[in-house]
Amino acid sequence: AGGGRMIDRLRKWYYNAAGFNKLGLMRDDTLNEDDDVKEALKRLPEHLYNERVFRIKRALDLSLKHQILPKDQWVKYEEDHRYLEPYLKEVIRERHEREAWNKK
């Protein structure tokens, strides 16, 4: 149990050290947009996509101004959810199926 708490503290420290949360971004906002991610983004519900676009535009604006959000607006580790993950897993599964089918 003690090791699990230590790992969780380390994850939280790393999350905050990465700094993207200080710009209002979530983990999935920072993914490299390869073909799989691009396809997953196309499948996002409109409201999730719009929220992502808002966060990214705000982060770009803050970055250009060399500013960060006030601390009470930072995305907290506990509040960051992987909104793109289910769509990305589906896209990757489908790609693997296609690749296996094409090998036959």
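Across the stretch 70-80, what is the number of residues that are open to solvent by less than 80 Å² (accessible area, probe 1.4 Å) and either part of a helix (DSSP H, G or I) or at pLDDT below 95 (or both)? Before you say what the answer is, go through the steps one by one.
Pass one, the stretch 70-80, residues open to solvent by less than 80 Å² (accessible area, probe 1.4 Å): 70, 74-75, 77, 80.
If we keep only those that are either part of a helix (DSSP H, G or I) or at pLDDT below 95 (or both) as well, we get 77.
Total satisfying the criteria: 1.
Among (1) farther than 16 Å from Met26 by Cβ; (2) assigned to a helix (DSSP H, G or I), which single condition is Gln67 missing?
Gln67 satisfies all of (1) farther than 16 Å from Met26 by Cβ; (2) assigned to a helix (DSSP H, G or I) except (2).
Output the residues belonging to the stretch 51-93 that are within 15 Å of the chain's Cα centre (by Cα) and small (Gly, Ala, Ser).
Correct list: Ala59 only.
So which residues in the stretch 36-51 are open to solvent by less than 50 Å² (accessible area, probe 1.4 Å) and assigned to a helix (DSSP H, G or I), if there are any at all? Even if it seems obvious, please write down each step before you answer.
Taking the stretch 36-51 as the starting set, the residues that turn out to be open to solvent by less than 50 Å² (accessible area, probe 1.4 Å) are 36-37, 40-41, 44-45, 48.
Result: Asp36, Val37, Ala40, Leu41, Leu48.
Looking at this structure, is Glu85 out of contact with any strand residue (DSSP E or B) (no Cβ under 9 Å at 6 or more places or on another chain) and surrounded by 11 or more Cβ atoms within 10 Å (Cβ to Cβ)?
Numbers: out of contact with any strand residue (DSSP E or B) (no Cβ under 9 Å at 6 or more places or on another chain): yes; surrounded by 11 or more Cβ atoms within 10 Å (Cβ to Cβ): yes.
So Glu85 fits the description; yes.
For (1) open to solvent by less than 100 Å² (accessible area, probe 1.4 Å); (2) hydrophobic (A, V, I, L, M, F, W, C); (3) closer than 25 Å to Asp36 by Cβ, each residue gets a yes or a no:
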position: Val53; (1), (2), (3): yes, yes, yes
position: Leu64; (1), (2), (3): no, yes, no
position: Gln67; (1), (2), (3): yes, no, no
position: Arg93; (1), (2), (3): no, no, yes
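With the requirement that a residue be assigned to a helix (DSSP H, G or I), surrounded by fewer than 18 Cβ atoms within 10 Å (Cβ to Cβ) and touching a residue at least 40 places away in the same chain (Cβ under 8 Å), what does the stretch 7-35 give you?
Residues satisfying the conditions are Arg11, Lys12, Tyr15, Asn16.
In the list Leu64, Leu69, Leu84, which residue meets the criterion of being in contact with a Gly (Cβ under 6 Å, 6 or more places away or on another chain) and free of Cβ contacts under 8 Å to residues at least 60 places away in the same chain? Let's see the steps before the verdict.
Numbers: Leu64 fails: in contact with a Gly (Cβ under 6 Å, 6 or more places away or on another chain); Leu84 fails: in contact with a Gly (Cβ under 6 Å, 6 or more places away or on another chain).
Every option except Leu69 fails the conditions.
The values are calculated or read from the model by the stated rules, or taken from the named source; none is laboratory data. This is a predicted model, so every value here is computed, not measured. Ideal geometry is used to build each Cβ from the backbone, glycine not excepted, and the neighbour counts take in all protein chains shown. SASA here: full protein model, heavy atoms, side chains in, ligands and nucleic acids out. Shrake-Rupley method; radii C 1.70, N 1.55, O 1.52, S 1.80 Å.
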